[in-house]
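See structure below.
The values are calculated or read from the model by the stated rules, or taken from the named source; none is laboratory data. Only a predicted model underlies this, so the values are computations on that prediction, with no experimental measurement involved. Heads up, the Cβs are rebuilt from the backbone with ideal geometry, glycines too, and the neighbour counts pull from every protein chain shown.
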């Protein structure tokens with residue numbers, strides 16, 4: 001698993017006003033908890049923190065967090081809070097982990113190569129691009145690469161076909177399908193079925209809107225035209 005070094009210092013200011021001043025000064029407030037230890041209030045240099053966040057974006061990563069230049073904790077990012085308007089950092093949560101204790105992680109799967117079945121007119125269909133595994137944190141891969149170049153038409157890869165190191169086990173059901181190459185005919189049928197389902201959903205939505213509109217019209221009371229009664233009361237000459 002990817003490891004990144006970060007540094008933080010203890011924070012002594014609390015409250016909304018103090019947090020606002022901290023962020024204006026170029027610092028990001030944070031907290032560290034977990035591993036049966038006391039919660040620590042921290043602050044990090046925002047620019048340096050942002051650079052490190054780009055390194056670990058969408059990845060499992062162990063952060064070696066040095067506090068006040070001394071005590072180093074092994075942590076993971078738990079949550080990042082950002083401003084919905086300008087996307088600036090508001091707050092960060094770190095969760096301390098035990099590197100010697102197995103833990104479950106969700107890892108991204110990257111499919112490499114072009115399936116040979118595609119050159120024969122087939123189409124590759126990806127069913128799953130994530131896998132849940134369990135092991136010691138540093139034994140977990142950052143990303144799991146799966147070679148699909150050998151897949152022919154009507155061939156597939158299941159989770160049970162994926163090879164991992166002996167120290168890591170797959171939690172996801174092995175019988176679940178990851179990727180397959182289907183024939184051109186099957187692909188055409190699948191696309192036609194998808195289009196039919198989309199058209200049916202659109203038609204149902206339009207029918208529901210029309211029904212709702214009709215119901216609103218029926219709820220409006222009909223007003224009699226007074227002129228019809230007046231004409232009937234006038235005797236013919």
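Okay, residues lined up against (1) surrounded by 15 or more Cβ atoms within 10 Å (Cβ to Cβ); (2) under 15 Å from residue 134 (Cβ atoms); (3) at pLDDT 90 or above:
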site	(1), (2), (3)
82	no, no, no
97	yes, yes, yes
107	yes, yes, yes
117	yes, no, yes
Can you pull out every residue in region 168-224 that is assigned to a loop (DSSP other than H, G, I, E, B) and either in contact with a strand residue (DSSP E or B) (Cβ under 9 Å, 6 or more places away or on another chain) or modelled with pLDDT of 80 or more (or both)? 168, 171, 172, 173, 174, 175, 176, 183
Note on residue 141: of the conditions (1) assigned by TED's automatic domain parsing to the domain that holds residue 15; (2) outside any strand (DSSP E or B); (3) within 23 Å of the chain's Cα centre (by Cα), unmet is (1)
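Here are some residues: 92, 101. Which one is at negative phi, at pLDDT below 95 and in contact with a strand residue (DSSP E or B) (Cβ under 9 Å, 6 or more places away or on another chain)?
Being at negative phi, at pLDDT below 95 and in contact with a strand residue (DSSP E or B) (Cβ under 9 Å, 6 or more places away or on another chain) holds for just one of 92, 101, which is 92.
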Condition first: touching a helix residue (DSSP H, G or I) at 6+ places or on another chain (Cβ under 9 Å), in a strand (DSSP E or B) and at pLDDT 80 or above. Can you find one or more residues in region 145-152 that meet it? yes
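Quick check: is even one residue across region 70-93 under 23 Å from the mean Cα position of the chain (by Cα), assigned to a loop (DSSP other than H, G, I, E, B) and under 30 Å from residue 170 (Cβ atoms)?
No, there is no match, as no residue in region 70-93 is under 23 Å from the mean Cα position of the chain (by Cα), assigned to a loop (DSSP other than H, G, I, E, B) and under 30 Å from residue 170 (Cβ atoms).
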Name the residues in region 34-52 that are exposed (fewer than 13 other Cβ atoms within 10 Å of the Cβ) and either without any contact (Cβ under 8 Å) to a residue 40 or more places away in the chain or under 25 Å from the mean Cα position of the chain (by Cα) (or both), would you? 36, 38, 39, 47, 51
Could you please let me know if residue 22 is touching a helix residue (DSSP H, G or I) at 6+ places or on another chain (Cβ under 6 Å) and not in a strand (DSSP E or B)? no
Taking the condition surrounded by 12 or more Cβ atoms within 10 Å (Cβ to Cβ) and on the phi > 0 side of the Ramachandran plot, does residue 128 pass? no
